[in-house]
Amino acid sequence: MTPNEIRDVILDILEDIAPDEDLTDLKDDIAFRDQLELDSMDFLDIVMELRKRYRVQIPEEDYPELASMQSTCKYLEPLMKDVAV
Amino acid sequence: MYDTIIIGAGMSGIAAGIRLAYYDQKVCILERHYTIGGLNSFYRLRGRDYDVGLHAVTNFTPKGTKKGPFARLLRQLRFRWEDFALSPQIGSTIAFPGVKLDFGNDLELLLSEIRASFPDQVDGFQAIVDRIVDYDDLSPEDYELSARELLAEHITEPLLIEMLLCPLMWYGNAREDDMDFGQFCIMFRSIFMEGFARPLAGVRLILKNLVRRYRELGWVLRLRTGVDRIHVQDGRTTGVILDDGTELEAKRVISSAGWVETMRMCDDIDRVNGRKAGQLSFVESISVLDKKPSELGYDRTILFYNDSDKFHWRRPKDELCDVRTGVICSPNNFLYESDDESKKLPDGIIRITTIADFEGWENLSEEQYRLEKLKWYDRAIASAVRFVPDFRGHVVDTDTFTPATIRRFTWHDNGAVYGAPHKQLDGTTDIENLYVCGTDQGFVGIIGSIISGISIANQYCLRS
């Protein structure tokens, strides 16, 4: 998957996890937490959805890498290189 | 071999099951009773539907609210706000002799009532509000500090302290006399800052939503299937043994049966030592009326009464019930959406709850039990009608349940309604892969126990 495709995946997941949030103006370089009302349970769900949908395993110590869209896509790029869209 | 076995198909157990099944775990929920719900269940009697445990759903927040337990629950279980069909309360009241305080789903009303009746306490009350810690910020160290001491720091009128504690203790204090600061914060938020609501169809709707979601995800819910023992070996559980002797293996077990009740099931050593089960249980009398309460001039959703200046929150020892205080709930008095009569409750209903002594009730003979239920129905109502219109001439049917009933259908020790006084906030036990959720983990009420199941499942069964 390309970084753009990964970005779409994350947007998709965010839409499911937080359906009331407006994602149209989401800034990639600002932390999700500072733009959206996401709590720690919602963050866990991002990890869980990635595992469920794409079989991507993210160890607990790497959870902080998912702070913003930019850092998330960067972190996932090598992990999802060979994953089909 | 299951990934997780969940003991108990109450709100917390089913919620935990949904989270685990949603993320593809092999889950099995085991329930000894022939129906779901546990402390918050429902039944049908003589052609009418009744709720167990539900007066109102607390923690109510309107559609679009993003913060708070209800919003979190909806996101975590992937429900829409509409799915719970919650109609807000009309309004509730705390009634002590000579003074009453109304409150609603907004702190403003309570604040203005305090301004009117206790004008010199307004600043103190505001200081209390500022001290209320948010749910996620409660630290285990601060949790068990004394709520009474905190209140006394800011409020100099003892009567106001008693009046504020009354509804908070009624809707969720497992301790006698005083309240944990942590629990005080949780209840203060859920009752005074968030508020009450109810689905027209009652508990039934909520449970059906939960079970349907769980079943859609394809996993197992077994009723009439009691767990006899939790098998423990070298500090770990390997699974459970059912009442009929069948062994079920699992990588993890979550129990909503209660702390002491769970420890008792562990089969390696005797674990039932210091920690005590809850002491607080209730008698609840339900009266079906030939008129709606509003036709009798009564519009209160919930009325918490106390017949002296001092509020007593303690299991009665000399009598089967303590009618000095009580909760009067009218399920009709919610803002159900329509003017269409068929979209309202068919009958007028008034529920009266009093604190009761489990041991006393449990030890009665069958005949005595029947007679005492009648007697205490009369006494509870006689006590209540000092605070609400006398509806006794309008009663067409009644039902009463006691601590023994609660014990019989939930298997919680002492018929305890809010669990043990000491909570296991982190949900762990000394057995590595055995966890507890539900009232003894710490969150009570419908929303609270659902959040409890979700939290424990998330924390120990989903993280890598």
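For segment B:1-81, no strands (runs of 3 or more DSSP E) sit wholly inside it while including 3 or more residues that are in contact (Cβ under 8 Å) with a residue 60 or more places away in the chain, hydroxyl-bearing (Ser, Thr, Tyr) and surrounded by 24 or more Cβ atoms within 10 Å (Cβ to Cβ). Do we have any residue at all in segment B:328-342 that's part of a helix (DSSP H, G or I) and at pLDDT below 95? Checking segment B:328-342: at least one residue is part of a helix (DSSP H, G or I) and at pLDDT below 95.
Restricting attention to segment B:439-462 and to residues that are in contact with a strand residue (DSSP E or B) (Cβ under 6 Å, 6 or more places away or on another chain) and not aromatic (Phe, Trp, Tyr), the residue that is farthest from the other protein chains (Cβ to nearest Cβ) turns out to be B:Ile446.
One residue stands out in segment B:82-102 among those that are in contact (Cβ under 8 Å) with a residue 40 or more places away in the chain and more than 20 Å from the chain's Cα centre (by Cα): the one that is nearest to B:Leu20 (Cα to Cα), namely B:Asp83.
It is to be established whether one or more residues within segment B:366-383 are within 24 Å of B:Val57 (Cα to Cα), buried (at least 21 other Cβ atoms within 10 Å of the Cβ) and without any contact (Cβ under 8 Å) to a residue 40 or more places away in the chain. For segment B:366-383, residues within 24 Å of B:Val57 (Cα to Cα), buried (at least 21 other Cβ atoms within 10 Å of the Cβ) and without any contact (Cβ under 8 Å) to a residue 40 or more places away in the chain: absent. Could you tell me whether any residue of segment B:344-352 is in contact (Cβ under 8 Å) with a residue 40 or more places away in the chain, buried (at least 22 other Cβ atoms within 10 Å of the Cβ) and closer than 22 Å to B:Trp170 by Cβ? Yes - at least one qualifying residue is present in segment B:344-352. In segment B:153-168, the qualifying residues are those that are out of contact with any strand residue (DSSP E or B) (no Cβ under 9 Å at 6 or more places or on another chain) and either closer than 22 Å to B:Leu425 by Cα or assigned to a helix (DSSP H, G or I) (or both), and the one that is nearest to the other protein chains (Cβ to nearest Cβ) is B:Leu168. One residue stands out in segment B:26-59 among those that are over 22 Å from the mean Cα position of the chain (by Cα) and at pLDDT 95 or above: the one that is nearest to B:Leu242 (Cα to Cα), namely B:Cys28. The residues listed here are B:Asp136, B:Asp130; of these, the one that is in a helix (DSSP H, G or I) and within 14 Å of another protein chain (Cβ to nearest Cβ) is B:Asp136. Could you check segment B:190-247 and list, in sequence order, the residues that are hydroxyl-bearing (Ser, Thr, Tyr) and over 26 Å from B:Tyr135 (Cα atoms)? Scanning segment B:190-247 gives B:Tyr214, B:Thr225, B:Thr237, B:Thr238, B:Thr246. Would you check which residues across segment A:1-22 are farther than 20 Å from A:Lys81 by Cβ, exposed (fewer than 14 other Cβ atoms within 10 Å of the Cβ) and not acidic (Asp, Glu) and list them? Hit for segment A:1-22 is A:Pro19, nothing else.
Applying the set (1) assigned to a loop (DSSP other than H, G, I, E, B); (2) in contact with a helix residue (DSSP H, G or I) (Cβ under 8 Å, 6 or more places away or on another chain) to B:Ile431 leaves exactly one unmet item: (2). Looking only at segment B:246-253, decide whether some residue is farther than 23 Å from B:Cys461 by Cα and surrounded by fewer than 16 Cβ atoms within 10 Å (Cβ to Cβ). Yes, the conditions are met somewhere in segment B:246-253. When B:Val327, B:Val283 are checked against the criterion of being closer than 20 Å to B:Ala197 by Cα and surrounded by 21 or more Cβ atoms within 10 Å (Cβ to Cβ), B:Val327 stands alone in meeting it. Please go through segment B:304-324 and pick out each residue that is part of a strand (DSSP E or B) and either buried (at least 23 other Cβ atoms within 10 Å of the Cβ) or touching a Lys or Arg at 6+ places or on another chain (Cβ under 7 Å) (or both). Those that are part of a strand (DSSP E or B) and either buried (at least 23 other Cβ atoms within 10 Å of the Cβ) or touching a Lys or Arg at 6+ places or on another chain (Cβ under 7 Å) (or both): B:Phe304, B:Tyr305, B:Asn306, B:Cys321, B:Val323. Does B:Val232 count as in the same structural domain as B:Arg19 (by TED's automatic domain parsing), touching a Leu at 6+ places or on another chain (Cβ under 9 Å) and outside any helix (DSSP H, G or I)? For B:Val232, the condition - in the same structural domain as B:Arg19 (by TED's automatic domain parsing), touching a Leu at 6+ places or on another chain (Cβ under 9 Å) and outside any helix (DSSP H, G or I) - is met. Checking B:Ala116, B:Ala127, B:Ala152, B:Ala147 one by one, the residue that is outside the structural domain of B:Phe70 (by TED's automatic domain parsing), aliphatic (A, V, I, L, M) and within 20 Å of B:Phe443 (Cα to Cα) is B:Ala147 and no other.
Summed over segment B:252-287, the residues that are among the polar types (S, T, N, Q), farther than 22 Å from B:Trp313 by Cα and touching a residue at least 24 places away in the same chain (Cβ under 8 Å) give a count of 4.
The values are calculated or read from the model by the stated rules, or taken from the named source; none is laboratory data. Predicted model only: the values in this text are computed from it and were never measured. Cβ atoms come from the backbone with ideal geometry, glycine included; neighbour counts cover every protein chain shown.
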